[in-house]
Structure formats: C-alpha cells, structure tokens
Amino acid sequence: MNEKVNHASAFRLMWHEIRNDWFALIGLFLFITIVLVVYIFGYFVIDEAAAGRLNMFTMNQSPRAGFPLGTDDLGRCMLRQLILAARNSLNIAFTVTLGGATIGIFIGLLMGFYGGHVDNVMMRIIGLWGMIPFLMLIIVIRTLIAPQTWWGFSFMMIGLGGFLMMSGMIRVMTLQQGRLDYVSASKTMGTPNVVIMVREVLPNLVSIITSGLTLALAGNIGLETGLTFLGFGLPPGTPSLGQHLGYARDSVVLQNRQWQWLPAAILVFVLMLCINFVGQALNRAADARKRTV
Amino acid sequence: MWKTVVRRLLILIPQLIALSLIVFFLASLMPGDALRGQVEPGAPPGELMRLREEAGLLDPWYQQYTRWVSHIMRGDFGRSLQHRVAVTTVIGDSMMNTIRLSIMTTIFLYLIAIPLGLIAGRKNGKWIDKTILMYVFIFFSIPTIVLSLIMVLVFAFNLGWFPAMNSVNPVAAVAGGWTEFWSRMYHLILPSLTGALIGGVGVIYFLRNQVIDVQNADFITTARAKGTPEHRVYSHHVLRNALLPVAGGIGASIAAVFSGSFFIETIFSLNGMGTLFLSSVLGRDWPVAMALIMFYAITGVVSMLLADITIMLVDPRIRIK
C-alpha cells in the first residue's frame, strides 16, 4: 500500500481525468452552460407571473417569430416555460442530491466509524428499504402528503430514503479507512473521534463522494421527471421537465405538437448524457486501478 | 451451498414481517375506507358504524393485522373497491400482460446484447468496439420515458409500422386463438424493444469485460498454442466461459424488467400491473395497491435469491458467505 503513494489531491486527479477525456470536458462545459443559462434566465430575466399568464389568442401555435418554441395549450411561450421547468427540475435534483448526500455522509461516517448497534440497526433499515419498490412507495406517500412546491417535493424525496444509497457507500469506505494505520495512529495520539472522522477520514473519501454525487444527480433528475410524468410529482400548475414530458401522454400532442414536449425530452437527455460523461471520468479518478496518471 | 440458501431464506422471514407491517400501516393511514361507498343513502345513521364493526375495522390494530396476514397466507387479498371483485382476479388479468411484456423484453434484450457484447469484447479497442461503447453510453443515459415517446412517435405515428397503444386489437381479441396471440405479440414488439434497448446496456458492458478477461486467460493461450483456429477459440473456449455468468443473470433481468415497466406500460397504454397500480392509487383502491406493493417486493427479493443461486450453480468458485 505504501509503495504507490499518490500525492496529487483528489480534485487535481478529477480535473486531470476530465481534461484528458474529450467527452467529459465537453459534457462538463455544456452542463455548466445549461445550468447557468437556466438559472440566470429563470431567476433574473423571465418574469414568472407574466410568463405564466394565459393567452387565448396564441394557443398551441407552432414555433414562429416571437415564440421560438411555439406555445402551449394555454397560449404561453414554450421557451420561457421550458426554462422555468428546467429551473424547477434542477432545483429539485440539486437539493435532493446535496441534501441526501449530506445526511447520507453523516450517517455513513457514524455507521462505519463506530459500528456496533448503530451500524446494525441502520443496516437492517437499509436492507428493509431496499426491499420496498421505491417508486411505488413514493407514489403511495405522495397521496398522503401532496407537496405543492419544488422544495417540499425535495424534502419528501430526501426523507423517503434519498440518503440511503450515499450512507451505504460511505459506511463501506469508512470501514475500510478505519482499519488503516493512520486512523489507529491518530487514535493513539488522542485525537478526538469527531476530528478523525471529519478531518482525516472524510478527505480520503472525496473522490468517491463526487462520483456518487454525479450518479445521484442523474438519478434524481430521472426520478423527478418520471414521477411528474406519471402525475405523482409536482402539482400540475408548476412547470417542470416531467410536466413538459407529460404533455406527450396526449397522443394528439405527441403526434402533432412536438414542440410542446420534444425540447424538454432533448434537454433531459442532454443533461443526463453530460452528467454521465463527467461521472465516468470522475469514476476513473476515484478508482486507483483505472486512473490514467 | 444449500446452507447458504437456507440461511438467506431464514433472513427473509423477519424482513417480510417488517415489510408487511409497513404496508399495513401505510394502508391504515390512507384516507377513506371501503364501506363508505357501500352504505345506501337512506340507511339509518348507525349503519356505517355497524358495517365497520362487522368488518372488524374497530378491532385493535394487532387483531386487524393478524387477520390481514392470515388471509394473505390463504391467498385472499380482499376485494377491490373499484372493481368490486377479488383483488387476485383484478391483478391476475393485468399480470398476464406484464408477464408477456417482460418475457418479450428479455428475449429482445439477449438477442441484442449477446452479439454486441461478444463483438465489442473480441474487437476490444477497434472502431466497432468504440461504436458499441457509444451505444452503451447513449442508452445508459436516455431516460425510458424519452426513448419510449420517441419510439412511439417515429415507429408508430410517422412510419406506422406498429400500433401505438393497447395490448391487443379488439377485433383479434374477439377472434381468439392464434389471431389473438399474433395480435398481442405484434402490439408488444415496440414496447419490449424499447425496454430491451435500455436494459441491454448493462449486459453488453458486462459481457464485453467478461470476454476481455477470458481472452487473456491461460487456457485460451493453450488453445491457441495447440493450433485451434481463431474462430473456434472464440466459439468454443471464450464464448462458453464468458456467457456463464450472463446466463446466471437472466432471472434478475426478468425481475428488473418486471419492476421497471411503469413508464413503458403507461406510454404504450398496456394494461399491466404498473398501470393497474397507478390507477388504483388514483382511485384510492388501497387493497389492490397494497397487494401490488407486497407482490413487487416479494418478487424482487425472490428473484434476487434465485439469481444468486443460479450464479452459485453456474460458477462453483462463487460461494456467498
């Protein structure tokens, strides 16, 4: 273990892997561009109230001057709606991913570091949760508590187990790290456990956490679009990528008004592709055997 | 090996009990009960309470729970509130559609994945391998909804090759026999192809790595050294060894298809278990919804177990401790 010490920091390694992979580089650039455009236009340029106003005279128009992506069934500009939808969907994806990861890392560190009863009980819960079909569980709970906003929806998803995958992953890694010499050495020197966990073990998990985050981000975008598409996600009035895809459940729209759902479909696909390309590079950085340095 | 299997089965028992408790409590949290709709408008005021008492809804929860479980043990999941027949009848109808879909999907999946995985592994690093890896990457990223919608748009509406919805042509359904069978198969081609294109990605990637690994094994060098022709090396030595673990995964992939059919069933309007679940949740038909959750959970667990057992049977080196 000691012969091949790699002194490059985790972030340097990640950047190295991304830089040497054209797809990952383009993916990262495209993803950042999309996110920036969506947030800048979604929060500062588009007047949400005005964009959401119904207009009887411009219903279901195909793309034309003034409406680059046409209009929806309420006569609203599809491009503006798409940006607002992407903004809400990205909000959910980021919140669920980061919130779930924070709780997951916390629990995972505790489980892996202390072991014992905490670990046993949590493992039972994770095992049980793994048995329940997650999609069905959310759909059922969704009828009990119907979140009306993107953050309500995010909290519901985190609470229903958005953190379990990350905590399982961190637990295994912490168990591994806990057996290494530097942890025992630190313990003998009398370093408090909290400091060992946060300042010594955690930095060693950075690369695996980032690659887990990208995976979770793609999954959460898919989960939101899927649930809203089926009618169990955000309420119908709130624009989201899933709601835009849901227009296509009407076969007339699917066939004749492609401008109402195809841009959202392409946007979801491009986002997923970018995230997965970056994720693949980060994965290589996290796995010492696959690294190119 | 049987020790492992028995132990796994024993671990299942407390898990299943916990699961049934969760499902039971979820159901009891749900608003509304079955009896409200059954009371005649002109009935005396105490009628609803009397019916509830009779149905045992006023008993303590543990009595209700044990009664529910003992009914399930006898295969009685109660009555559907929407359809007014036994839950098992309602689920049975849609289950056949889902089973047909998952069998067709699995067939397509392996028809696509095995050749592509073998070619990619054999031509490792060549352009054809890179093309296949690109396919793997694109279909790994594309959400099922997006692919399904595009498939419907292109192949059903624009080209008109396949029907866009329903699981059978109504005329053919009346005719019965082979006409009905072929009509069902024809309606399933597009949805199962969609599922297979996405689901095959994992198998291709796994098989490719498998072939690359086996290629470098000592017995392949031996085979080459004794002068075996190259195509025979692949068809007899590499293929068999690389395919073994893939064969072990068939059970798991059928189960995965089984549980991942919500979107495909919804978009292609197939009357399967996924759409049944959605409509029973929307219609507050809790007996059906709960039975479906239990069913999906148990299928998932059992198929995981079966997959592990087949892998153990196929590859004696793997012994799960």
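One line per residue, one yes/no per condition, for (1) modelled with pLDDT of 80 or more; (2) in a helix (DSSP H, G or I); (3) within 16 Å of the chain's Cα centre (by Cα):
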| position | (1), (2), (3) |
| --- | --- |
| B:Pro245 | no, yes, no |
| B:Gly251 | no, yes, yes |
| B:Glu265 | yes, yes, yes |
| B:Gly274 | yes, yes, yes |
| B:Ser280 | yes, yes, no |
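What are the residues in the range B:273-309 that are of a type in the set (Val, Ile, Thr) and surrounded by fewer than 18 Cβ atoms within 10 Å (Cβ to Cβ), if any?
Within the range B:273-309, B:Ile298, B:Thr299, B:Val302 meet the criteria.
Which of the residues belonging to the range A:114-126 are assigned to a helix (DSSP H, G or I) and either open to solvent by less than 30 Å² (accessible area, probe 1.4 Å) or among the charged types (D, E, K, R) (or both)?
Result: A:Asp119, A:Arg124.
Restricting attention to helices (runs of 4 or more DSSP H) lying wholly within the range A:167-269, give those where 3 or more residues are among the small types (Gly, Ala, Ser) and crowded, with 21+ Cβ neighbours inside 10 Å.
By residue number, A:206-230.
Against the condition within 29 Å of A:Gln61 (Cβ to Cβ) and either more than 14 Å from chain B (Cβ to nearest Cβ) or in contact with a strand residue (DSSP E or B) (Cβ under 6 Å, 6 or more places away or on another chain) (or both), how does A:Leu213 come out, does it pass?
Spelling it out, it is not the case that A:Leu213 is within 29 Å of A:Gln61 (Cβ to Cβ) and either more than 14 Å from chain B (Cβ to nearest Cβ) or in contact with a strand residue (DSSP E or B) (Cβ under 6 Å, 6 or more places away or on another chain) (or both).
Looking only at the range A:147-191, which residues are closer than 16 Å to A:Gly212 by Cβ and of a type outside the set (A, V, I, L, M, F, W, C)?
A:Gly161, A:Gly162, A:Ser167, A:Gly168, A:Arg171, A:Thr174, A:Gln176, A:Gln177
Here's a check for you: in the range A:91-112, which residue that is surrounded by fewer than 23 Cβ atoms within 10 Å (Cβ to Cβ) and closer than 16 Å to A:Gly242 by Cα is nearest to the chain's Cα centre (by Cα)?
Going through the qualifying residues, I end up with A:Phe94.
Mind listing just one residue for me: the one in the range B:48-58 that is surrounded by 14 or more Cβ atoms within 10 Å (Cβ to Cβ) and either closer than 18 Å to B:Ile13 by Cβ or in contact with a helix residue (DSSP H, G or I) (Cβ under 8 Å, 6 or more places away or on another chain) (or both) and, of those, modelled with the lowest pLDDT?
Top of the filtered list is B:Leu57.
Collect the residues in the range A:254-293 that are at pLDDT 80 or above and of a type in the set (Val, Ile, Thr), keeping them in residue-number order.
Correct list: A:Ile266, A:Val268, A:Val270, A:Ile275, A:Val278.
If you take the residues of the range B:58-98 that are assigned to a helix (DSSP H, G or I) and of a type in the set (D, E, K, R), which of them is farthest from B:Asn271 (Cα to Cα)?
Only one residue fits best here, namely B:Arg67.
Looking at A:Ala264, A:Ala281, which is the one that is of a type in the set (A, V, I, L, M) and at the interface with another protein chain (Cβ under 10 Å from one of its Cβ atoms)?
A:Ala264
Can you report the number of residues in the range A:143-161 which are surrounded by 20 or more Cβ atoms within 10 Å (Cβ to Cβ) and within 14 Å of chain B (Cβ to nearest Cβ)?
Number satisfying all stated conditions: 0.
Within the bounds of the range B:88-108, is there any residue that is open to solvent by less than 50 Å² (accessible area, probe 1.4 Å), among the small types (Gly, Ala, Ser) and over 19 Å from B:Arg184 (Cβ atoms)?
No, the range B:88-108 has no match at all.
The values are calculated or read from the model by the stated rules, or taken from the named source; none is laboratory data. Since the model is a prediction, treat every value here as computed from it, not as a measurement. FYI the Cβ positions are ideal-geometry reconstructions off the backbone, even for glycines, and counts take in every protein chain you see. Heavy atoms of the whole protein, side chains included, go into the accessibility calculation; ligands, DNA and RNA do not. Shrake-Rupley method; radii C 1.70, N 1.55, O 1.52, S 1.80 Å.
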